[in-house]
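**Q** Can you keep this structure in mind? I'll have questions shortly.
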Amino acid sequence: ACTGCCACCCRCADEATAAQGTTTRLDEELAGMQQRLAAARGELAEQAELVAQLQSDLVTAQQGRVAAEERLEAAEATCRELRADNVALRTQLMAASTLGGGHRGDTFSGGWNSRLWGNAAAHPLGTSGEREAAAHAAALRAAEADAASREMLQSARREQVATSLALLSQLRRMQALEAMRLSDLQEIHQLERRLAAVRKERLQPG
């Protein structure tokens with residue numbers, strides 16, 4: 001049978017073993033948390049670099065959107081001018097169809113209409129057939145110019161939509177990254193608090 005002294009020694013040994021086990025557990029927990037904390041801080045540093053790159057991309061996307069809007073406005077202005085010219089041309093064609101002669105240059109004036117009519121605008125046309133042919137040619141050129149302007153406008157609109165979508169995508173990526181950064185910061189704060197508590201517990205006697 002154990003004496004009182006032996007029993008005391010056994011208890012002391014058990015307590016020492018338990019204390020050593022607690023210390024080992026705390027050391028392992030400390031090491032694990034330090035690794036997690038280092039990893040979280042590393043991720044945060046990487047995210048900071050990504051944020052800087054995204055901000056640069058966002059500025060580029062915004063500049064692209066502004067440029068696309070400017071091109072769209074220019075295309076719309078060109079289309080308005082072409083529509084006005086076409087209306088004027090149709091009016092002149094209708095007036096010309098009622099004329100029996102005279103100089104085309106007297107009826108069709110202006111730089112745009114001269115380009116549409118070509119050389120025929122400066123010379124008299126002797127027959128109704130010639131007048132009709134010139135009118136058809138001018139109408140065809142007007143239709144081609146109108147079609148080209150519409151395509152230019154549609155292209156500018158597509159570009160504006162594409163740049164707006166690109167800008168929206170960059171904004172969403174920025175929001176997602178900011179959410180990740182916030183989550184990592186919260187995790188870091190929790191780890192730091194837990195780390196401080198474990199260190200305090202480890203330093204406490206017995």
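The values are calculated or read from the model by the stated rules, or taken from the named source; none is laboratory data. Quick caveat, the model's predicted, so the values are computed rather than measured. Positions of Cβ are generated from backbone atoms using ideal geometry, with glycine treated the same way; all protein chains shown enter the neighbour counts.
**Q** Which one of the conditions (1) closer than 25 Å to residue 187 by Cα; (2) among the charged types (D, E, K, R); (3) within 13 Å of the chain's Cα centre (by Cα) does residue 46 fail to meet, given that it meets all the rest?
**A** (3)
**Q** Out of the range 162-184, which residues are under 15 Å from residue 50 (Cβ atoms), surrounded by 13 or more Cβ atoms within 10 Å (Cβ to Cβ) and either aliphatic (A, V, I, L, M) or in contact with a Lys or Arg (Cβ under 9 Å, 6 or more places away or on another chain) (or both)?
**A** If the condition is that a residue be under 15 Å from residue 50 (Cβ atoms), surrounded by 13 or more Cβ atoms within 10 Å (Cβ to Cβ) and either aliphatic (A, V, I, L, M) or in contact with a Lys or Arg (Cβ under 9 Å, 6 or more places away or on another chain) (or both), then 171, 174, 177, 180, 184 are the ones that fit.
A quick yes/no check of all residues on (1) closer than 18 Å to residue 151 by Cβ; (2) touching a Leu at 6+ places or on another chain (Cβ under 8 Å); (3) at pLDDT below 85; (4) not in a helix (DSSP H, G or I):
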residue	(1), (2), (3), (4)
66	no, no, no, no
71	yes, no, no, no
84	no, no, yes, no
87	no, no, yes, no
93	no, no, yes, no
105	no, no, yes, no
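**Q** Would you mention how many residues in the range 189-206 are of a type in the set (A, V, I, L, M) and either over 47 Å from the mean Cα position of the chain (by Cα) or modelled with pLDDT under 80 (or both)?
**A** Matching residues across the range 189-206 total 2.
**Q** Any idea which of (1) exposed (fewer than 15 other Cβ atoms within 10 Å of the Cβ); (2) farther than 30 Å from residue 51 by Cα; (3) modelled with pLDDT of 85 or more is the one residue 98 doesn't satisfy?
**A** (3)
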